[in-house]
Each structure stands twice: as C-alpha cells, then as structure tokens.
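Some notes on the structure that comes next.
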Amino acid sequence: MTFRIRKAVFPVAGLGTRFLPATKTVPKEMLPVVDKPLIQYAVDEAIEAGCDTLVFVTNRYKHSVADYFDKAYELEQKLEKSGKSELLSLIRDVLPRHVRAVFVTQAEALGLGHAVLCARPVVGDEPFAVLLPDDLIWNTGHGALRQMAELAERESASVIAVQDVPREQTGSYGIVATRDFSGRHGEISAIVEKPKPEVAPSNLAVVGRYVLSGGIFDRLAKTRPGAGGEIQLTDGIAALMEKERVLAYRFEGRRFDCGSRIGLVEATMQFALDHEDLAEPTREFMRAALAR
Ligand code: UTP
C-alpha cells in the first residue's frame, strides 16, 4: 500500500466550552490568530502537505465554517469595484482552485473517534490526514503535517505527532510508549487516553496531527465509548496497532494549544512577532507593557 495522503479530515464538531461565551455563536475554529481564523492555518498546512480534498466534520451550529470557504459574492463585487485587488485576492485565496472542500455532519458530539468515522464515506480506505485546528503549529520550515506525510510515505506506516509534556499533564493527553526511537520517530508499543501521571507509560503526548491508514475506520466502527464517555480516536489507534505499525513523530515546530485561552494568547503574540508589519509595533507594545 502506498502511504501518499490526498485527503485531510478536520473534526470541528466539538462544543468548544473552554471559550464560552464567545463560542456560543463563534465556532472555536473561527477564532482568529492575528488576521486568519485557526481553521485557515490548519488548511494551509494540509495543502502544503499535498492534500487536495478537505473534509470538514461539522454540526448544525458551525455554518460559519462552511460560509468561510464559500464564495462571498457581494464582498467580492464591492472590493472589485473599489479596486482593492489585494484584499480581493486574500478572500479568494482561502482555498486554491485545485482544492475541494467537502462537509459532513456529526449529528451528536460523541467524541473525536466518532467524528473521524463520520468522514469515512468521503475518505474511503486510503491513507488520510487528521488535523485538529485548535493545535496550531508554528514553524519556519516545512509544516508539521508535511514532515509526517514524508515519513509515512517512506515507512509505509501511520504516523502520529507527539511532543514531550511535563508528567503532571499526562491526564490531558493521549500518551504513547515507543519501542526504539531513532532521530525523530519510533514505533508505538502502547497508547492510552488521558492516563494519570502515576500510570502514564511516558510523557510523550499525542497532539492534533495524524496520518492514518484507512484501516482505522473498521477499528473505530467497533470502538466503544472510553475516557469521558466519548468514542476516542486513541482507542481506535490502539486497535489498529494490533495489525499495523504506527509511528510516533516528534515534529519540528512549536505547538500552541489554542483550545485553551492561554494558548490562543501565546499564539497571537508569536504570530504577531513573526508578522512583517506587526513585529516592530508588537515588540514596542510588549516592552512598554512589561515596564509598567
Ligand atoms: P476537544 O477535546 O478540544 O473538545 O476536541 P471541544 O468540544 O472542541 O472543546 P472544549 O474542551 O469543550 O473546550 C478536540 C477536537 O475534536 C473535535 C473538536 O472540534 C476538536 O477539534 N471533536 C470533539 C469533534 O469534532 N467531535 C466530537 O464529538 C468531539
């Protein structure tokens, strides 16, 4: 089987309770970091990794995600008439022409594993990527998913992004144990969802980027609710590992947990400091604010 990925799944049907009251009407994935919503950063990363079919798993409250990727006729006409060509290309380029967006519904938020399973009719049984847009990965070189896609192709195996976390935080993540680790990757020997620090097999935490073989769907279809009463992607991956190799990959780049308030604040500062127009004024503001 070739492990070339073309399809990327974005599970965006969660409730986003950590950002209430904002997420009462604005989906978490539409929260901006500087001038782009979180979902756009994840989409750009998937396209850079070679994906041309983007599958958004949404629910009835997330119309704005579909609207964002749709054509904005009135706005385009206005910008065209007033000769604002730069702004026009900004809104036209949210998706390049060769990329298509497909929307599937998760009627009930039964968990991340269930959300991924909802994408099965579009993905089929080929290898695919999963990106959680609230994990924003900043990197000046290749994006994290591209790094993973290259490894998956080279090794013909599923690949999961991991990062080291302090042991006291293992209860917030899926945690993996690996056999040998060479360079940035190693084969996963165990994976558990949100273990307490005293029973966690390591402090290597799974973050929101996956390259998975189509074999995951059969496993997810049989997965029962696990941690938190949700159908967990982690449990589906544990079942997949009984038949196939799954690798952990320590990506190059810095992850911001934009599912948490502090993560979103940190990402905003980092992206502003890295922005060609905003870097200097941001630095000045920070210096002054810290001196106060
Ligand atoms: P989170 O654990 O961050 O949950 O989901 P959440 O509901 O989005 O946010 P909080 O914790 O209430 O603030 C991780 C990812 O899985 C998706 C979410 O949209 C997010 O991208 N997800 C989760 C689904 O698509 N469906 C689900 O049933 C659960």
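The values are calculated or read from the model by the stated rules, or taken from the named source; none is laboratory data. Please read these numbers as outputs of a predicted model, since none were measured by experiment. Glycine gets a Cβ as well: all are built from the backbone with ideal geometry, and neighbour counts include every protein chain shown. Heavy atoms of the whole protein, side chains included, go into the accessibility calculation; ligands, DNA and RNA do not. Shrake-Rupley method; radii C 1.70, N 1.55, O 1.52, S 1.80 Å.
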Q) Using +1 on the beta carbon of Lys and Arg, -1 on that of Asp and Glu, and nothing else charged, what's the dipole of region 184-292 about the Cα centre, debye to 20? A) 280
Q: Determine the per residue accessible area of region 208-283 with all protein chains present and a 1.4 angstrom probe, expressed in square angstrom.
A: 47
Q) Rounded to a whole number, what is D in µm²/s for region 69-164 from Stokes-Einstein with the Kirkwood radius over alpha-carbon pairs (4 °C, 1.567 mPa s)? A) 76
Q. Around residue 9, which amide H atoms from residues at least 5 apart in sequence, or from another chain, sit under 5 Å from its own amide H, with H modelled in the peptide plane?
A. 55, 129, 130, 131
**Q.** Cβ charges +1 (Lys, Arg) and -1 (Asp, Glu), total dipole of the chain, debye
**A.** 480
Q. In region 144-224, if every C-alpha pair distance is counted and binned at 10 Å from zero, what percent goes to each bin?
A. 18, 46, 32, 4
Q) What relative contact order, as a whole-number percentage, does region 171-292 give when Cα pairs under 8 Å and 6 or more residues apart are counted? A) 22
Q) Cα extents of the chain along the three principal axes, largest first, in whole Å? A) 60, 50, 38
Q. Can you give the accessible area per residue of region 1-147, in Å², using a 1.4 Å probe?
A. 52
Q) Over the chain, what is the relative contact order in whole percent, taking alpha-carbon pairs under 8 Å and six or more residues apart? A) 23
Q: Round to a whole angstrom and tell me the spacing of the C-alpha centers of region 1-75 and region 184-238.
A: 23
Q: Please report, to two decimal places, log10 I(q)/I(0) for region 24-95 at q = 0.14, 0.16, 0.21, 0.28 Å⁻¹ as given by the Debye formula with identical point scatterers on the Cα atoms and no solvent.
A: -0.51, -0.66, -1.04, -1.31
Q | Residue among 151, 202, 139 farthest towards the positive dipole end of the chain, charges placed on Cβ | A | 202
Q) At 20 °C and 1.002 mPa s, what whole-number value in µm²/s does Stokes-Einstein give for the translational diffusion of region 105-241, with Rh from the Kirkwood sum over Cα pairs? A) 138
Q. So which GluC sites (Glu not before Pro) in region 37-127 pass both tests, a DSSP loop state and at most 11 other Cβ atoms within 10 Å of the Cβ?
A. 108
Q) Could you give the semi-axes, largest first, of the ellipsoid that matches region 1-141, computed as the square roots of 5 times the alpha carbon gyration tensor eigenvalues and rounded to whole Å? A) 25, 20, 15
Q. Across region 7-16, in residue order, what do the Karplus-derived ³J(HN,Hα) couplings come to in whole Hz, using 6.51 cos²θ - 1.76 cosθ + 1.60 with θ = phi - 60° and x for Gly and Pro?
A. 10, 10, 9, 10, x, 10, 9, x, 8, x
(Q) Going by amide H atoms built from the backbone, whose H comes under 5 Å of the H on residue 190, apart from near neighbours? (A) 177
Q: Taking the Cα centre of region 1-154 as origin, sum charge times position over the Cβ atoms of Lys and Arg (+1) and Asp and Glu (-1), and report the length of that vector in debye to the nearest 20.
A: 260
Q. What translational diffusion coefficient, in µm²/s and rounded to a whole number, does the Stokes-Einstein relation yield for region 199-292 at 4 °C and a viscosity of 1.567 mPa s, taking the hydrodynamic radius as the Kirkwood radius over Cα pairs?
A. 76
Q) Considering only protein heavy atoms and a 1.4 Å probe, what is the carbon-and-sulfur percentage of the accessible area of the chain? A) 51
(Q) Contact order normalised by length for region 1-157, with contacts defined as Cα pairs under 8 Å and 6 or more residues apart; what percent is it? (A) 42
Q) Of 28/194; 7/84; 7/71; 62/194, which sit over 24 Å apart, Cα to Cα? A) 7/84; 62/194
